[in-house]
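First the structure, in the form of structure tokens, and then the observations on it.
Readers should treat all values here as calculations from the given coordinates under stated rules, not as data from a laboratory. The shown structure was predicted, so the numbers you read here are calculated from the model rather than taken from an experiment. Note that we place each Cβ from the backbone using ideal geometry, even for glycine, and neighbour counts take in every protein chain shown.
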Ligand SMILES: *Cc1c(COP(=O)(O)O)cnc(C)c1O
């Protein structure tokens, strides 16, 4: 199995991007569950047969959504982690200490003050939930932990480009997703901060309790980052908790040339981001940082006796991860994060980010230079939204053509961009967060988009409906 896994990674740049799982294999997997146990050889055969059927994100021409590509360091670390089988909810052992060191490295990278706390979590969705729970409870003097928050009229703000995990956190926290106000964006897809202030004032007027503003550092549609310093000023002046969703964008802190775009991130009360996207750590691994450790602990710890915990032995070493988040039993996610940083180092991880950004700019330049292609948004980081635009076509026809191009690229196994809507128009959305992607891959993508967009077959299906 180890040989097969290494071969798989060595050849990750070859073959198809995405290959659907054949029915017979799916059925063999189902049948095995009802069987009476397998010999090791048979089991390994099953496992090996799975390898070609991932989502495709290890391949250099996977451009969909925002998926990281993983690394061999992750594979090796997960072997060590599996051998230990550590439970990282708490207690006094090496895995807890490794997680603390990883969180501390992250704290320094993001410019948070000493004493800030954090956790390695499954991803930005969980990190956002944890951060906004601290924000909610801190606002209500932690009475919400026993009483709930339904009565308080809490409302928060994020731009129309914010990720859906923010509204989901509002839902899960009992605030209701409509308590998250959608603030419009400017021409660069950044939060309109005048509209933010107006929305806060209107809610106050109506007797509601604005408690948080969620800024985005690297939006999922276009890679736009809100004006973090301006938002930090507004949050400070109006007494709101500033949370930053930096799922992939926050990792631009690893790049000396991009870091400046994120100025103000160090002023946030909390930050959620992913190791598994632009830092290429294997799924899943994200991070939450909380500026004020006391508030973090007050929102999650169930043990008022924490001050009198054990000094030595397995029950020592508090506070534990369980005091900072909703999970008790949890695996040793931090090990693969540690291995990634230890093996590649901050400079090389940053260089991947710069290289990805250069590729996004190369793509943008190619689009701008090609009459049949149109770019639909600026390219502030690593995402380029474009479409094929034959002259004289209606908007619905263009939408269908570009949707078909994306589907054909995916089905042919040549490349896997995804789609989004920019100002109502269907865009081919190309996200580059993969250390394996090269200039050739970008050039090939442009070639294939042009070939498909000009093909009579695709043009006929897009127009005839
Ligand atoms: C991916 C993403 C999320 C969600 O993160 P998960 O790790 O998938 O939970 C949130 N916000 C942004 C901007 C993202 O790109």
| note | Exposure proxy check on 297, 242, 1: fewest-to-most Cβ neighbours within 10 Å is 1, 297, 242
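Quickly rank 144-151, 57-64, 271-278 as a protection proxy: mean count of other C-beta atoms within 10 Å, highest first.
271-278, 57-64, 144-151
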| remark: Extend 7 Å from the Cα of residue 369 along its Cα-to-C-beta direction; within segment 426-446, residues with backbone N under 17 Å of that point are 439-446
| query | On full extension of the chain, what length is gained from residue 312 through residue 109, given 0.36 nm per residue of separation minus the C-alpha to C-alpha distance? | reply | 69.9 nm
| So between residue 397 and residue 464, what do we pick up on full extension, going 0.36 nm a residue minus the alpha carbon distance? | 23.2 nm
| task | Can you grab the distance from the C-alpha centre of segment 316-372 to the C-alpha centre of segment 114-189, Å, no decimals? | result | 23 Å
| Taking Rh as the Kirkwood radius computed over C-alpha pairs, what is the Stokes-Einstein D of the chain at 20 °C in a medium of viscosity 1.002 mPa s, expressed in µm² per second? | 90 µm²/s
| remark: With 0.36 nm assigned to each residue of separation and the Cα-Cα distance removed, residue 23 to residue 87 gains 19.4 nm
| field | the chain, helix-only ellipticity at 222 nm - DSSP H runs n ≥ 4, -39,500 (n - 2.57), divided by all residues, nearest 500 | value | -13500 deg cm²/dmol
| query | By its C-alpha gyration tensor, with a ≥ b ≥ c as the square roots of the eigenvalues, how is segment 166-317 shaped: rounded for a/c under 1.5, else prolate for a/b larger than b/c, else oblate? | reply | oblate
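How much FRET efficiency would the formula 1/(1 + (r/R0)^6) give for residue 351 and residue 147, where r is the Cβ-Cβ distance and R0 is 56 Å, rounded to 0.05? Can you show the working numbers first?
Values: r = 50 Å, r/R0 = 0.90.
About 0.65, to the nearest 0.05.
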| task | Please work out whether segment 117-252 counts as rounded, prolate or oblate from its C-alpha gyration tensor, where a ≥ b ≥ c are the square roots of the eigenvalues and a/c under 1.5 means rounded, while otherwise a/b larger than b/c means prolate and anything else oblate? | result | oblate
